[in-house]
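Student: Encoded as structure tokens, here's the structure I'll be asking about.
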């Protein structure tokens with residue numbers, strides 16, 4: 001059985017591996033510096049559908065199909081799938097995977113959904129409750145704009161702190177295994193709310209949650225940043241990344257030289273107009289599945305902390321002027337087996 005280390009960190013008892021991973025992206029993502037890392041790039045972000053919502057579901061279907069083919073299994077070989085997205089009632093996922101006829105657990109962690117899914121899938125595999133657990137999530141720029149801000153036809157002005165929601169999906173399988181990448185530890189995040197109310201400043205809303213979870217991991221395990229090649233966050237963007245490093249520095253924890261943020265990496269910020277960087281469930285998920293997991297599998301990276309971050313707002317809470325709570329869940333992903 002898994003064991004706990006400190007208040008929030010869980011150590012799998014068995015050797016838990018990420019055995020396959022797939023990433024699908026839209027046109028803008030394909031034009032970015034990591035476009036080569038995707039299994040499929042769509043030419044117009046519609047994915048052959050008549051609406052952007054249907055496009056997001058089709059994108060998830062493509063990611064899941066690629067995952068199954070790369071793992072060399074049939075859909076019925078999956079014990080279950082955990083997934084979610086940014087749309088109301090997670091319809092991107094429920095419609096996207098419905099044709100696969102899989103046992104499904106819907107989850108919601110906003111842009112931290114891939115970390116939440118990875119955490120839960122690892123524990124299910126470790127306990128024996130699942131032989132092969134799959135995780136999937138996505139986001140789409142146009143569906144997110146329609147739901148959280150304004151439809152594209154409105155032509156609203158984007159603020160300098162706003163981030164570009166990635167049109168992307170990531171999917172992975174987790175099971176007991178003997179090959180890297182390995183899941184060495186998992187830290188469950190707590191909700192952090194510092195009173196940020198600006199829905200166009202997600203980085204500031206999420207940075208406190210990211211730091212809370214990362215610092216908790218180090219406290220729970222006795223490890224330090226020097227034990228890792230990189231500390232990777234989901235989509236804090238330029239604003240949130242700066243705040244995360246400042247929060248850490250205030251407590252004597254130096255992350256500046258190790259910190260990588262998927263929202264800052266996904267796009268070429270000099271040549272692609274994304275303002276403060278990327279965001280969305282698909283941002284962290286596609287960078288994890290398209291870039292970081294292959295780097296760990298190859299041994300080019302040995303140990304990373306991966307902490308996707310989510311802003312737990314809704315259209316209702318924003319319209320009522322409520323603050324934006326943040327959440328972040330963390331996984332220690334390694335090219336090596338072993339205990340702390």
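The values are calculated or read from the model by the stated rules, or taken from the named source; none is laboratory data. Not measured: the values here are computed from a predicted model. Quick reminder, even Gly has a Cβ in these numbers, built from the backbone with ideal geometry, and neighbours come from all protein chains shown.
Student: With touching a strand residue (DSSP E or B) at 6+ places or on another chain (Cβ under 9 Å), modelled with pLDDT of 95 or more, outside any helix (DSSP H, G or I) and over 23 Å from residue 83 (Cβ atoms) as the only criterion, which of 330, 301 stands out?
Tutor: 301
Student: Can I ask one more? What number of residues within region 97-125 are assigned to a helix (DSSP H, G or I) and closer than 20 Å to residue 213 by Cβ?
Tutor: Matching residues across region 97-125 total 14.
Student: Where residues in region 185-223 are in contact with a helix residue (DSSP H, G or I) (Cβ under 6 Å, 6 or more places away or on another chain) and closer than 19 Å to residue 334 by Cβ, which of them is surrounded by the most Cβ atoms within 10 Å (Cβ to Cβ)?
Tutor: My answer is 187.
Student: Would a scan of region 214-228 turn up a residue that is within 18 Å of residue 279 (Cβ to Cβ), assigned to a helix (DSSP H, G or I) and in contact (Cβ under 8 Å) with a residue 12 or more places away in the chain?
Tutor: no
Student: Please determine whether any residue of region 128-135 is closer than 20 Å to residue 287 by Cβ, in contact with a strand residue (DSSP E or B) (Cβ under 9 Å, 6 or more places away or on another chain) and modelled with pLDDT of 95 or more.
Tutor: Yes, some residue in region 128-135 is closer than 20 Å to residue 287 by Cβ, in contact with a strand residue (DSSP E or B) (Cβ under 9 Å, 6 or more places away or on another chain) and modelled with pLDDT of 95 or more.
Student: Could you tell me which numbered condition residue 310 fails, if it satisfies all but one of (1) closer than 13 Å to residue 205 by Cβ; (2) in contact with a strand residue (DSSP E or B) (Cβ under 8 Å, 6 or more places away or on another chain); (3) not in a strand (DSSP E or B)?
Tutor: So residue 310 meets the others, but not (3).
Student: Looking at 266, 293, 260, 330, which is the one that is in contact (Cβ under 8 Å) with a residue 24 or more places away in the chain, within 14 Å of the chain's Cα centre (by Cα) and surrounded by fewer than 20 Cβ atoms within 10 Å (Cβ to Cβ)?
Tutor: 260
Student: State the number of residues belonging to region 65-96 that are assigned to a loop (DSSP other than H, G, I, E, B), surrounded by 18 or more Cβ atoms within 10 Å (Cβ to Cβ) and either in the same structural domain as residue 309 (by TED's automatic domain parsing) or out of contact with any strand residue (DSSP E or B) (no Cβ under 8 Å at 6 or more places or on another chain) (or both).
Tutor: 1
Student: One residue is enough: does region 151-158 have a residue meeting the conditions touching a strand residue (DSSP E or B) at 6+ places or on another chain (Cβ under 9 Å), assigned by TED's automatic domain parsing to the domain that holds residue 31 and within 21 Å of residue 277 (Cβ to Cβ)?
Tutor: yes
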